[in-house]
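Input: a single structure, listed below in structure tokens.
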Amino acid sequence: SFSNQQSTYEPLTESTATSLATKLGLFEQGAVLRSKEIGDGNLNLVFHIVDDKTNISIIIKQALPYAKVVGESWPLTLKRATIESNALLTYYNLVPDLVPKVFYTDEVLAITVMEDLSHLEISRSGLIKGQNYPLLSEHIGRYLAHTLFYTSDFALNPQEKKKLAHRFSNPELCKITEDLVFTDPFFDIDTNNFESELQADVEKLWNDSKLKLEVAKLKQKFLTQGDALLHGDLHTGSIFASDQETKVIDPEFAFYGPFGFDIGQFLANLVLNALSRETDKQEPLFTHIDKTWAVFVDTFSHLWEKDNVEAYAKIDGYLDSLLKQILEDTIGFAGCEIIRRTIGLAHVADLDQIEDYNAKILSKQQALQLGKELILSRSTISSPTEIRNYFQTSYSY
Ligand code: SR1
Ligand code: MG
């Protein structure tokens with residue numbers, strides 16, 4: 001990598017981003033570069049830099065010292081840029097075809113310079129438009145199995161793993177998830193955001209102590225259980241896709257957490273897209289839900305047989321009991337993600353962009369109901385395939 005560390009942080013502009021790209025030697029001497037800020041996420045600046053003559057292009061992603069979605073009143077550590085670069089590099093070693101290549105990082109400027117993936121589309125946008133991305137679940141199932149297995153105590157020496165966990169300590173970004181996914185939506189907190197027509201449904205949820213007890217248990221797992229290096233924000237907006245390719249981006253929330261969290265967030269976002277579709281267009285999402293889990297289980301089991309360093313690996317029943325626990329947690333985390341994306345601070349376009357207002361409210365009520373059912377019945381669900389049964393009666397418009 002390059003050594004061009006800046007001594008002070010400043011947000012880039014389209015023009016300074018171009019100068020930086022030139023200075024880093026990523027383009028031919030004298031190249032005329034086009035630069036555009038294209039960031040549409042909640043937190044960062046993203047510059048797309050192109051040399052039209054050679055067709056070479058790159059992405060420069062820069063963290064802002066605050067959460068863009070809220071403004072400067074919500075300060076946020078720049079260290080997340082380094083976490084993101086390191087996570088991308090770690091994942092690139094494990095699944096090089098499923099993450100972008102990193103060319104350069106600068107801790108002080110909080111930037112990652114990486115492969116341009118703009119020939120692909122953010123999978124959330126594509127799914128909303130009715131794309132189905134036939135390989136998405138096969139790829140994400142494999143991504144999950146490799147990244148989770150190879151960063152866990154089942155593949156690493158526990159001392160090395162602890163060092164890695166220390167390197168990926170990410171308390172500020174974890175706090176966002178602790179608040180926005182596991183706490184705020186279940187209490188009457190200002191940052192929640194929902195339509196007045198949902199008030200009664202939401203109050204029912206706030207008063208449901210049985211549900212809140214189960215969410216508390218899931219939150220405790222998220223707080224304390226460092227199984228593997230998680231992406232930490234694996235929703236469909238963090239995945240670029242086409243019919244052939246899938247690339248997971250944006251692991252700035254990466255940290256050592258419970259195996260089921262990434263899987264649960266991904267499945268939840270497939271469910272949210274299914275809830276936004278007419279009944280006859282939901283099947284590809286159900287297939288993706290089934291297949292993600294099936295590919296994850298097959299691949300994880302294969303890696304377990306092949307590369308497990310744990311003394312108890314061959315003990316009958318160990319893998320099965322672990323997978324059962326991961327499934328239970330996955331379903332519970334998915335339930336929390338579905339609820340927070342419906343009434344919390346950070347929504348999903350899948351539901352928010354439903355054109356017919358009554359249909360939108362109905363879909364959101366169904367999301368709340370489904371999220372709750374998944375959390376409460378997570379220990380008796382034997383496979384994510386069962387999620388489709390919850391749709392059969394009424395979850396469509
Ligand atoms: C203040 S950040 C809001 C949400 O955006 C991120 O992508 C995470 O999902 C976070 O919860
Ligand atoms: Mg993100």
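Filtering Ala254, Ala241, Ala268 for residues that are away from ligand 1 (no atom under 16 Å from the Cβ) and within 19 Å of the chain's Cα centre (by Cα) leaves a single hit, Ala241.
None of Lys324, Lys314 is without any contact (Cβ under 8 Å) to a residue 24 or more places away in the chain, in a helix (DSSP H, G or I) and not hydroxyl-bearing (Ser, Thr, Tyr) except Lys324. Is there a residue in the stretch 15-36 that is farther than 17 Å from Arg80 by Cβ, acidic (Asp, Glu), open to solvent by 30 Å² or more (accessible area, probe 1.4 Å) and not in a loop (DSSP other than H, G, I, E, B)? The answer is no; no qualifying residue exists.
Please work out which one of (1) over 20 Å from Ile263 (Cβ atoms); (2) away from ligand 1 (no atom under 16 Å from the Cβ); (3) polar (S, T, N, Q) is the condition Ser137 fails and give its number. Condition (1) is where Ser137 drops out.
One residue stands out in the stretch 346-380 among those that are among the aliphatic types (A, V, I, L, M) and buried (at least 20 other Cβ atoms within 10 Å of the Cβ): the one that is nearest to ligand 1 (Cβ to nearest atom), namely Val348. The strands (runs of 3 or more DSSP E) located wholly in the stretch 43-151 that include 2 or more residues which are open to solvent by 20 Å² or more (accessible area, probe 1.4 Å) occupy 44-51, 56-63, 71-75, 102-106. Cβ separations smaller than 8 Å between residues 6+ apart or across chains give the following pairs from the stretch 182-197 residues that are in contact (Cβ under 8 Å) with a residue 24 or more places away in the chain to residues that are among the β-branched types (Val, Ile, Thr) and exposed (fewer than 14 other Cβ atoms within 10 Å of the Cβ): Asp184/Thr191.
Quick one: how many residues across the stretch 168-219 are within 16 Å of ligand 2 (Cβ to nearest atom) and in a loop (DSSP other than H, G, I, E, B)? Number satisfying all stated conditions: 2. A Cβ distance below 9 Å, combined with a sequence gap of six or more or placement on separate chains, defines the contacts here; from the stretch 130-144, residues that are within 16 Å of Leu94 (Cβ to Cβ) reach residues that are acidic (Asp, Glu) and assigned to a loop (DSSP other than H, G, I, E, B) in the pairs His139/Glu245. For the structure I just gave you, tell me whether Asp250 is touching a residue at least 12 places away in the same chain (Cβ under 8 Å), within 16 Å of ligand 2 (Cβ to nearest atom), on the phi > 0 side of the Ramachandran plot and assigned to a loop (DSSP other than H, G, I, E, B). The answer is yes for Asp250.
Among the residues of the stretch 220-247, those identified as outside any helix (DSSP H, G or I) and open to solvent by less than 10 Å² (accessible area, probe 1.4 Å) are Ala228, Leu229, Leu230, His231, Gly232, Leu234, Ile239, Ala241, Thr246. Yes or no: Glu172 under 21 Å from the mean Cα position of the chain (by Cα) and open to solvent by 30 Å² or more (accessible area, probe 1.4 Å)? Yes: the conditions hold for Glu172.
The values are calculated or read from the model by the stated rules, or taken from the named source; none is laboratory data. This structure is a prediction, so every number in the text was calculated from the model and none was measured. Cβ sites come from the backbone with ideal geometry, for glycine too, and all protein chains shown count toward neighbours. Ligands, DNA and RNA are excluded from the accessible area calculation, which covers all protein heavy atoms including side chains. Shrake-Rupley method; radii C 1.70, N 1.55, O 1.52, S 1.80 Å.
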